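**Student:** Just passing along the structure, written as structure tokens.
The values are calculated or read from the model by the stated rules, or taken from the named source; none is laboratory data. Note that the coordinates shown come from a computational prediction; the quantities given were computed from them, not determined experimentally. Heads up, the Cβs are rebuilt from the backbone with ideal geometry, glycines too, and the neighbour counts pull from every protein chain shown. Note: accessible area is taken over every heavy atom of the protein model, side chains too, but ligands, DNA and RNA are not part of it. Shrake-Rupley method; radii C 1.70, N 1.55, O 1.52, S 1.80 Å.
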Amino acid sequence: MQRKRRSTMEAINLKSYVLVTGGSGGIGSAVCRLCPSYDLTPIIGFNNNATSAKVIAKETKGFAVRIDMSDNNSIMKAVEFIRGKIESSGSLTAVVLGASPPPALEPFLKISSKQLSHQMNVNLIGPNLLLQNLVRHFFRKNKSGTIVGVLTEAIGSEDRPPSTGMGSYIIAKTALKGLLSVCSAEYPWLKMRTVSPGFTKTPMLDVFDKRYLEIANAKTPIAEPEDVANLIINKIVL
């Protein structure tokens, strides 16, 4: 009986972890801070902002890990670090693919190979490698897991064309959507979800002209990071 009670208690105390790439950014940090309210423990993936990531980790009782989504070596090191960190304390429940460079504001004829390559590395090639390893080392074991891709309203829809003037960003986000579709087709037991926010009050808006943002805000109010974070958390828990 004593051994059975101990096993039950251990199971109760196991944590459900959520990896958030771009976890120290505007939307990512809001997601991480929401996690404890839903009994989720965030893994704060960051690239440059280690100080912010560590502050969020302390607030949420999660932990931070450096993941440069444009660097394959960094991604593999992060996966190994996460494996060692959580193998005895819980399981990876979900990943939020939130890391992204800001859009380069250029018309189609001025999209450079460098701009496009950077966007594709962070929004497609990096996520592809990360998801392969998360499926292999975490999700496939229990045939469960949630993947939330943060896309953008700017990619358009069947009824609305994509936005103009930020082509490399939109191309890369559209490619991420395709990656998630392929992964979902091969692993139907994964819960694959996306969110497509419009303008959100994060540092990414710094690339836009202030007057343009004022006009956009008058038409459709610019969202708070917490609004988008709530959408993302709901994709995980519902």
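**Student:** I'd like to verify a number: residues in the range 215-238 that are assigned to a loop (DSSP other than H, G, I, E, B) and of a type in the set (V, I, T), how many? Outline the logic, then answer.
**Tutor:** Here is the first cut: in the range 215-238, the residues assigned to a loop (DSSP other than H, G, I, E, B) are 220-222, 224, 238.
Narrowing the set further to residues that are of a type in the set (V, I, T) leaves 220, 222.
Within the range 215-238, residues that are assigned to a loop (DSSP other than H, G, I, E, B) and of a type in the set (V, I, T) number 2.
**Student:** Which one is nearest to L130 (Cα to Cα) among residues in the range 162-214 that are acidic (D, E) and assigned to a helix (DSSP H, G or I)? Give the steps one after another, and end with the answer.
**Tutor:** We begin by selecting, within the range 162-214, every residue acidic (D, E); these are 186, 206, 209, 214.
From the residues that got through so far, the ones that are assigned to a helix (DSSP H, G or I) too are 186, 206, 214.
Numbers: E186: 16, D206: 28, E214: 37 Å.
Ranking the qualifying residues of the range 162-214, first place goes to E186.
**Student:** Just one of (1) of a type outside the set (A, V, I, L, M); (2) out of contact with any strand residue (DSSP E or B) (no Cβ under 6 Å at 6 or more places or on another chain); (3) free of Cβ contacts under 8 Å to residues at least 24 places away in the same chain trips up F81, so point out which.
**Tutor:** Unmet condition: (2).
**Student:** Looking at K210, K191, K235 in this structure, which one is open to solvent by 90 Å² or more (accessible area, probe 1.4 Å) and either modelled with pLDDT of 95 or more or within 28 Å of T164 (Cα to Cα) (or both)?
**Tutor:** Details: K191 fails: open to solvent by 90 Å² or more (accessible area, probe 1.4 Å); K235 fails: open to solvent by 90 Å² or more (accessible area, probe 1.4 Å).
K210 is the lone residue from the list that is open to solvent by 90 Å² or more (accessible area, probe 1.4 Å) and either modelled with pLDDT of 95 or more or within 28 Å of T164 (Cα to Cα) (or both).
**Student:** Would you mind finding the one in T41, T51 that is among the β-branched types (V, I, T) and open to solvent by 50 Å² or more (accessible area, probe 1.4 Å)?
**Tutor:** Details: T41 fails: open to solvent by 50 Å² or more (accessible area, probe 1.4 Å).
Every option except T51 fails the conditions.
**Student:** In the range 82-95, is there at least one residue being under 29 Å from T174 (Cβ atoms) and exposed (fewer than 15 other Cβ atoms within 10 Å of the Cβ)? Outline the logic, then answer.
**Tutor:** Of the residues in the range 82-95, the ones under 29 Å from T174 (Cβ atoms) are 82, 92-95.
Cutting the leftovers down to exposed (fewer than 15 other Cβ atoms within 10 Å of the Cβ) gives us none.
Checking the range 82-95: not a single residue is under 29 Å from T174 (Cβ atoms) and exposed (fewer than 15 other Cβ atoms within 10 Å of the Cβ).
**Student:** Oh, and also: Take the range 187-238 and flag every residue that is in contact with a helix residue (DSSP H, G or I) (Cβ under 9 Å, 6 or more places away or on another chain) and among the acidic types (D, E).
**Tutor:** Listed by number, the residues that qualify are E224, E226, D227.
**Student:** Counting only residues that are crowded, with 18+ Cβ neighbours inside 10 Å and in a loop (DSSP other than H, G, I, E, B), how many does the range 121-161 have?
**Tutor:** Summing the residues that are crowded, with 18+ Cβ neighbours inside 10 Å and in a loop (DSSP other than H, G, I, E, B) in the range 121-161 gives 3.
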